[in-house]
Amino acid sequence: MTVIVLSGPIGAGKSSLTGILAKYIGTKPFYESVDDNPVLPLFYADPKKYAFLLQVYFLNTRFRSIKAALSNDNNVLDRSIYEDALFFQMNADIGRATHEELTTYYDLLNNMMSELKRMPKKQPDLLVHINVSYDTMLERIRRRGRSFEQLSYDPTLADYYQNLLDYYKPWYQKYHYSPKMEIDGDKFDFMASQQDRQSVLDAITNKLQEIGKLPKDWQPKA
């Protein structure tokens, strides 16, 4: 079948689309651990102290997920190791990580990426990137309701979220591990609108057919 990885900023709807897409094409979803992540609340409370620990935690879980995905060859991941460095590089650039922490992180990431070359499948088949504006990002974060992600919890998150969007633009341009496509998360509210959801699913399945990962006569599973 195929391995699909999703990407996008906080609140873009990656987990929701992962579940929708997995059900539609009849494949297995892989979700990133967030609600049971013991480090994430610590990071939001003291970003400078916990940035390195949080990123190592995420890197470890993303490495485990991508290894399982590339072994099974039939799945969708709501976030992957391929965008991991974006977050820690941004935190380092705004003074939340030392040079030594950044060097250690990249050494670890590079070792993990080398290990992936030994997997039965070497890379994903498609990246689906959800692109959203700042306002849409904030609205979906508000709708999700995690207290530590809200601007009312920490007003400095406004700059953090805006910086994150700025980092995603060059990241997506440079991504080279697989074919890729963008979904306009402002135009298509695939979580609330059935019509928008179907438009997004049609775009993704058309892309999969274009790159030869779905047969031309393919029919949805659900």
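Computed from the coordinates by the stated procedures, all read-outs in this text should not be read as laboratory data. Note that this is a predicted model, so its numbers are computed, not measured. Heads up, the Cβs are rebuilt from the backbone with ideal geometry, glycines too, and the neighbour counts pull from every protein chain shown.
Some observations on this one:
- Loop-resident chymotrypsin sites (Phe, Trp or Tyr not before Pro) (DSSP state other than H, G, I, E or B) in segment 165-222 with no more than 13 further Cβ atoms inside 10 Å of their Cβ: 218.
- From the Kirkwood radius over Cα pairs of segment 99-174, Stokes-Einstein at 10 °C and 1.306 mPa s returns a whole-number translational diffusion coefficient of 102 µm²/s.
- For segment 156-209, the fraction of alpha-carbon pairs in successive 5 Å shells from zero, as %: 4, 16, 18, 17, 20, 17, 6, 2, 0
- Between the Cα long axis of helix 134-144 and the first principal axis of the chain there is an angle of about 90°, rounded to the nearest 10.
- Cross-link reach list, lysines versus residue 121, counting only Cα pairs under 29 Å and skipping chain neighbours closer than eight places: 14, 23, 28, 67, 169, 174, 180, 207, 213, 216, 221
- A crude spin-label estimate for the pair residue 221 and residue 133, with each label 7 Å from Cα along the Cβ direction, gives 3.6 nm.
- Table column - 3J(HN,Hα) (Hz), segment 154-165, Karplus curve with 6.51, -1.76, 1.60, x for Gly and Pro: 8, x, 5, 5, 4, 5, 4, 5, 5, 4, 4, 4
- Separation of alpha-carbon centers, segment 162-199 and segment 14-52, rounded to whole Å: 17 Å
- Dimensions (Å) - segment 34-111, Cα atoms, principal axes, largest first: 39, 27, 14
- Rounded to the nearest 20, the size of the Cβ-charge dipole of segment 60-209 about its Cα centre is 580 debye, with Lys and Arg at +1 and Asp and Glu at -1.
- You can think of it this way: the chain between residue 193 and residue 173 has 4.3 nm of extra reach, that is 0.36 nm per residue less the Cα-Cα gap.
- Descending semi-axes in Å of segment 93-222, equivalent ellipsoid built from Cα gyration tensor: 30, 26, 12
- Selected from 145, 188, 87, residue furthest toward positive end of dipole (the chain; charges at beta carbon): 188
- The slack between residue 67 and residue 148, meaning 0.36 nm per residue of separation minus the straight C-alpha distance, is 26.1 nm.
- With respect to the chain, whose longest principal axis is taken over its alpha-carbon atoms, helix 99-116 is tilted by about 20°.
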